[in-house]
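K.L.:
Here it is, the structure, as structure tokens.
The values are calculated or read from the model by the stated rules, or taken from the named source; none is laboratory data. Here the structure is a predicted model, which means the values were calculated and not measured. Positions of Cβ are generated from backbone atoms using ideal geometry, with glycine treated the same way; all protein chains shown enter the neighbour counts. Note: areas computed on protein heavy atoms with side chains; ligands, DNA, RNA excluded. Shrake-Rupley method; radii C 1.70, N 1.55, O 1.52, S 1.80 Å.
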Amino acid sequence: FSILIAMIFAIAASLYAVKVFMPITFIQTVDEDTALPSVTLNAYKFHAETIGAEDKPVVIVLHGGPGGDYRNLLPIAPLGKDFHLVFYDQRMTGLSSRKSDGVVTLKSFFDDLDAFVEHYGRGEKVILLGHSWGAMMASGYIGMYPEKVSKIIMIEPGILRPDLSQPFFDGQSGPGPDIYFDLAKVWLNSWRVDISRDKYAREDYVISMAYPLMGGSGVHCGDVIPENFEGWRASRKVLNETVIAFVNDPVLLAQLDFITDAHKFSGDVLLIGSTCNKVYGAEYQKRHLPFYENIELVTIQDSGHFIFYDQLEESLR
């Protein structure tokens with residue numbers, strides 16, 4: 001009997017060792033997985049898909065980040081019965097191509113958005129729907145191209161201009177000591193990630209696996225990310241070249257302005273905020289109201305920053 005127990009332990013240890021040292025193939029992008037829906041614009045291959053008939057009003061959907069992906073906005077798919085929804089992972093994010101060595105800039109984000117507006121709008125005005133960072137992009141875009149947009153929906157934009165955003169900065173906090181062990185495991189596992197065909201896979205693995213562990217102090221209901229929240233693959237490169245670059249360079253940060261020219265846009269603006277987000281939820285969003293000509297602020301009760309996961313039906317309405 002003791003020999004049998006010893007054999008079982010030996011087999012279990014061997015299997016564990018195989019698992020520990022087995023290479024990880026991280027989530028593949030459109031570069032490797034040709035079955036993924038995609039579109040090439042501005043000489044770059046985006047992971048993108050559409051939902052709804054092409055003869056319906058076009059809605060360009062802008063995900064958060066910078067460096068996130070559109071998977072967490074797919075709950076709005078039911079709107080496809082009335083609209084032609086266009087989803088895309090922004091440059092070097094999500095499942096879009098990683099075949100680029102150039103620096104990701106604000107200009108590249110807006111140039112790409114304009115390409116989507118032109119391609120799918122076919123000369124007609126489009127609707128922009130942006131969440132978080134995507135809402136910041138929507139606000140900046142209507143200041144540049146007010147004639148190309150009919151309406152915008154902004155869900156809890158963050159820093160629209162630095163002088164308006166001190167409470168946003170004050171509300172940010174780093175990870176607590178209770179997750180240090182889990183973060184260490186993520187880092188150790190990252191060395192198993194195969195980077196032979198995707199040099200960004202390891203860094204993306206770290207940021208993607210760490211994000212759900214970070215919680216959301218003051219941002220989500222119960223200070224935790226909703227259990228059913230889904231994302232594909234975050235981008236460390238984009239995070240480094242946008243958020244981290246802005247934070248470390250006061251001159252660069254001072255240049256961020258997504259709101260000053262918003263008055264040029266005369267279409268309807270729907271601003272949505274939540275009650276659980278105490279950092280930049282509905283109460284914080286009130287400071288943005290004077291900058292838009294035709295704006296309505298709607299508060300979604302009992303929801304956090306990912307409102308479609310907390311209150312789907314009310315959010316869709």
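K.L.:
Please tell me if Gly121 is more than 26 Å from Val243 (Cβ to Cβ) and open to solvent by less than 20 Å² (accessible area, probe 1.4 Å).
P.N.:
yes
K.L.:
Does the range 294-314 hold any residues that are loosely packed, with under 14 Cβ neighbours inside 10 Å and within 23 Å of Val149 (Cβ to Cβ), and which are they?
P.N.:
Asn294, Glu296
K.L.:
Quick check on this structure: which one of Ile60, Ile76 is in a strand (DSSP E or B), more than 20 Å from Glu241 (Cβ to Cβ), modelled with pLDDT of 95 or more and not hydroxyl-bearing (Ser, Thr, Tyr)?
P.N.:
Criteria check complete, one pass: Ile60.
K.L.:
Name the helices (runs of 4 or more DSSP H) wholly within the range 177-248 that hold at least 3 residues that are within 20 Å of Ile307 (Cα to Cα) and open to solvent by less than 70 Å² (accessible area, probe 1.4 Å)?
P.N.:
By residue number, no helices (runs of 4 or more DSSP H) qualify.
K.L.:
Need the failing condition index for Glu203 against (1) closer than 19 Å to Val279 by Cα; (2) at pLDDT 95 or above, just the number.
P.N.:
Condition not satisfied by Glu203: (1).
K.L.:
Considering only residues that are in a loop (DSSP other than H, G, I, E, B) and out of contact with any strand residue (DSSP E or B) (no Cβ under 9 Å at 6 or more places or on another chain), look in the range 124-159 and name the one that is most open to solvent (accessible area, probe 1.4 Å).
P.N.:
Tyr145
K.L.:
Given the structure, is Glu314 in contact with a strand residue (DSSP E or B) (Cβ under 6 Å, 6 or more places away or on another chain) and among the acidic types (Asp, Glu)?
P.N.:
So Glu314 passes the test.
K.L.:
Give the range 76-113 a look and list any residue that's open to solvent by 30 Å² or more (accessible area, probe 1.4 Å) and either touching a helix residue (DSSP H, G or I) at 6+ places or on another chain (Cβ under 7 Å) or more than 30 Å from Arg202 (Cα to Cα) (or both), or say none.
P.N.:
Scanning the range 76-113 gives Ala77, Pro78, Leu79, Lys81, Asp82, Phe83, Arg91, Val103.
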